[in-house]
Every structure is written in C-alpha cells, then in structure tokens.
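The values are calculated or read from the model by the stated rules, or taken from the named source; none is laboratory data. Everything numeric here is computed off the predicted structure, so don't read it as measured data. When we count neighbours, we look across all protein chains shown, and the Cβ atoms used for this are built from the backbone with ideal geometry, even at glycine.
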Amino acid sequence: MSTETSPEVETSSPLDPEQLPDTAAADMDLDELAEVNDRAQGIIRKHSLISMGLGLIVLPGLDVAALLAQQLYMIQQLGRPYNINFTNDLGKKALTSLIAAVVPRTSLKYMVFGLFRLIPLIGQPVSLLTMPLLNGAATYAVGQVFNKHFATGGTLLSFDPIRYRAYYARMLEKGKQFASESRTKPSAHKQKRH
C-alpha cells in the first residue's frame, strides 16, 4: 500500500512453501525466504529507478537496448540469492520470452511513445515525460515476475512466460504507481531504506 511519505507499493509475497520444489529456495525456511525477498525488493526498486533514468535517452533503439541490458542485469542479481545458474543466453531467452508473451498488452504503448519522439517539436518533450515512467514500470514488473519465479523454485530453464502473463500485468500497474510516486517524491524513497 502506498503512503504519502513513501513511494512504497504492495508487492507479492512468493513465500508459499507448498510451491517450492527441490531447489535452493526449497532449502530455505520462511524467515530466510522473507529476507531474500526483502533484498530482492531492494534490487527491483533500484533497477526500476535506473530504468527510469534510461527513459531519458532520446535516441530510439539505444534506449531499448539500454533498458533490456538493465533488466538482464537485474535478473542476474535477483537469481544470486536463489543460486540460479545465470548465463547471458539463458537470461536473454527468458527475458525475450516474457516480452513476447506480454507484447499484445504492453509493447504497443512503448512503440507508440517511441515513435512519438520522431514528431518535431512536441515528440521529444512528451516522450521525456512518459518513457521514464513506462521504463520504470516495466522493469518493476519484470523484476517481480522473476523474483516470484525464483522464489517458487523456478530456474531460467523452467521459466514459462505464459504462466506469468496475468501476474506481469498486475505488477505493471503496481510498477506505474511506484514509478509515479518515485518521480514525484524521490527523497521519500531514499528515507525508506534502513
């Protein structure tokens, strides 16, 4: 839930022991999983804020490449506490499969705002207002999806993007809230960290 003093949003808790197969996550007790989830939420927040900054890149194509690289790095960091064997190839395949699964719902917005930059005089200013929010929200949603997947014992090889399509959509909405609140109250975000 959000408050007036902090850009905190509700996050999912992937801590259902009934869903844990034989992986590093299955070997953790609930307290350890809660601690790992707290660290993961910090990683997601950090990378979402960085992705918002990447939304200020005005060159079409370069902004998308930078965003995907940032999200790939976030997935690698999210997998470490769960002992996920990360390779760039597996990470790229998992990330692009998620993007392909949610294309009909979200990518059209990105394409429209990306192309909007090409309109003289109004395109870039409008893009500079919208792309940071969209980048932050998308990165937030990607992070939540992979955190849940890893916490429930999934690996990059077992990632099924169709299974997470609805969850991604819910997390994208929460990510929009996070990005919007972070943009309007950046000092509150810094105060929240202990």
_Test: residue in segment 18-30 that is in contact with a Leu (Cβ under 7 Å, 6 or more places away or on another chain), farther than 18 Å from Val142 by Cα, surrounded by fewer than 18 Cβ atoms within 10 Å (Cβ to Cβ) and at pLDDT below 95_ = yes
*Can you work out which of the residues in segment 55-80 that are without any contact (Cβ under 8 Å) to a residue 60 or more places away in the chain and over 30 Å from Leu129 (Cβ atoms) is surrounded by the fewest Cβ atoms within 10 Å (Cβ to Cβ)?*
Arg80
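Would you call Pro104 part of a helix (DSSP H, G or I), at pLDDT below 95, surrounded by 13 or more Cβ atoms within 10 Å (Cβ to Cβ) and not charged (D, E, K, R)? Write out each step before concluding.
Details: part of a helix (DSSP H, G or I): yes; at pLDDT below 95: yes; surrounded by 13 or more Cβ atoms within 10 Å (Cβ to Cβ): no; not charged (D, E, K, R): yes.
In short, no.
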